[in-house]
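A.B. asks: Could you have a look at this structure, given as structure tokens, before my questions?
The values are calculated or read from the model by the stated rules, or taken from the named source; none is laboratory data. Keep in mind the model is a prediction, meaning the values are calculated, not measured. Cβ placement follows ideal geometry from the backbone for every residue including glycine, while neighbour counts extend to all protein chains displayed. The area values use the complete protein model at the heavy-atom level, side chains included, leaving out ligands, DNA and RNA. Shrake-Rupley method; radii C 1.70, N 1.55, O 1.52, S 1.80 Å.
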Amino acid sequence: MKNQLKLLEALQRHDAKIQELDRARKAIPEKVDKLRADLAKVEELLARERAELAETEKWRRDREGAMKTEEEQLVKAKAKVSQVKTSKEYMASQREVENTRKMAAETEEKLLTVMEASQQARARIAEHEGDVEKLRQHVAGEETEAKGRLATIEGEIAHLKVGRDAEAKAVRADVLKKYAAIQMRRGLAVVPVHNGTCRGCNMNIPPQLFNTLQRGSSIELCPNCNRIIYWDKLMEDPDGKPAG
Ligand SMILES: [Zn+2]
């Protein structure tokens, strides 16, 4: 039975290594996913900036149309001035010319402001496009690297599993079944008892059970945490006899 316990201990070490690699394997996509989320966020910001610029440009085109109309009105108003017959009509048409000119000047001023804003927005967008492209390349590089690392780890896991299965074959079927059931529930299935204390739950083992453990002729469970327990000194002794 001591041999079985030794096999179980080795199996557990093997399983722990596989679990560790499995955790590392799972962490890889998480890192890449986070980077992808970051990229999506800045891409969304860029899209919003582009949409805002498009809106400003549309407003600018509308104003340009309005300015053209106002310029035409100004030409008509000026033509009217030359055709007036009374001084009252002259005053009225002069006022119309002035008002139209003022409106056109205001529109032009607004247009200049908007054009300047558009230019700044375009420069900002170009800069952000560069940043996004850099991040995109970084993410692509990380993805490639992650794929490589994933393949390496998966290879290691596959290799370890072959060794693990060979080890498991040497363990008695009923013992292996017990081990697997405890591992599923508790993670750690086989623990030493040190100075009469279970290393799995730190509770004291009843003296009678401790005597049984010292013989090492049976598979025993901790009455508190239900893990497979063995006397630590027993495993240290190469002759299979209790030490001390
Ligand atoms: Zn215990």
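A.B. asks: Mind listing the long-range amide H neighbours of Tyr230? Cut-off is under 5 Å, sequence gap 5 or more, other chains count too, H placed in the peptide plane at 1.01 Å from N.
C.D. replies: For Tyr230, whose amide H was placed from the backbone, the distant partners under 5 Å are Val191, Val193.
A.B. asks: For the range 35-49 and the range 99-126, what is the separation of their C-alpha centers, rounded to whole Å?
C.D. replies: 29 Å
A.B. asks: For the chain, what's the relative contact order in percent, using C-alpha pairs closer than 8 Å and at least 6 residues apart?
C.D. replies: Across the chain, relative contact order equals 26 percent.
A.B. asks: Give me the distance in nm between label points sitting 7 Å out from Cα along the Cα-to-Cβ direction at Thr69 and Glu236, one decimal.
C.D. replies: Simple spin-label model gives 9.8 nm for this pair.
A.B. asks: Would you mind calculating the gained length between Gln19 and Glu116 on full extension (0.36 nm times residue separation, minus the Cα-Cα distance), in nm to one decimal?
C.D. replies: 28.9 nm
A.B. asks: What full-extension length gain, to one decimal in nm, is calculated for Ser217 and Met203 as 0.36 nm per residue of separation minus the Cα-Cα distance?
C.D. replies: Contour length minus Cα-Cα distance gives 2.8 nm.
A.B. asks: So, one more: Can you check how the C-alpha radius of gyration of the range 22-162 compares to 2.2 N^0.38 Å, as a plain ratio?
C.D. replies: Here the Cα radius of gyration is 2.14 times the empirical estimate.
A.B. asks: Using only alpha carbon pairs under 8 Å that are at least six residues apart, calculate the relative contact order of the range 22-162 and give it in whole percent.
C.D. replies: RCO, the range 22-162: 43 percent.
A.B. asks: Over the alpha carbons of the chain, what is the largest minus smallest coordinate on each principal axis, giving the biggest first in Å?
C.D. replies: The Cα atoms of the chain stretch 133, 35, 28 Å along their principal axes.
A.B. asks: Also, I was wondering about something else. Sorted by packing (mean other beta-carbon atoms within 10 Å per residue), highest first, where do 72-85, 193-206 land?
C.D. replies: Highest mean packing first, the order is 193-206, 72-85.
A.B. asks: Take the Cα coordinates of the range 1-72, assign each an equal point scatterer, and use the Debye formula without solvent to give log10 I(q)/I(0) at q = 0.13, 0.14, 0.24, 0.27 Å⁻¹.
C.D. replies: -0.69, -0.73, -1.00, -1.06
A.B. asks: Here's something else I'd like to know. Once every DSSP H run of n ≥ 4 in the chain is given -39500 (n - 2.57) and the sum is divided by its residues, what mean residue ellipticity at 222 nm do you get, rounded to the nearest 500 deg cm²/dmol?
C.D. replies: -29500 deg cm²/dmol
A.B. asks: Dividing the convex hull volume of the Cα atoms of the range 173-236 by its residue count, what figure in Å³ per residue is obtained?
C.D. replies: Each residue corresponds to 79 Å³ of Cα convex hull volume.
A.B. asks: Sorted by packing (mean other beta-carbon atoms within 10 Å per residue), highest first, where do 216-224, 58-66 land?
C.D. replies: Top to bottom by mean Cβ count within 10 Å: 216-224, 58-66.
A.B. asks: On full extension of the chain, what length is gained from Glu44 through His194, given 0.36 nm per residue of separation minus the C-alpha to C-alpha distance?
C.D. replies: Full-extension gain reported as 48.1 nm.
A.B. asks: Please sort 5-11, 88-94 by packing, taking for each peptide the average over its residues of neighbouring beta carbons within 10 angstrom, highest first.
C.D. replies: Highest-to-lowest ranking by the protection proxy: 5-11, 88-94.
A.B. asks: I've got another one for you. Once you put a point 7 Å from the Cα of Arg186 and another 7 Å from the Cα of Asp165, both along the Cβ direction, what distance in nm separates them?
C.D. replies: Taking the simple label geometry, Arg186 and Asp165 are separated by 2.8 nm.
A.B. asks: Based on the Cβ-Cβ distance of Asp62 and Tyr90, what FRET efficiency does E = 1/(1 + (r/R0)^6) give at R0 = 45 Å, to the nearest 0.05?
C.D. replies: According to the calculation, E is roughly 0.85.
A.B. asks: What part of the accessible area of the range 1-85, given as a whole %, is carbon or sulfur when the probe is 1.4 angstrom?
C.D. replies: 54 percent
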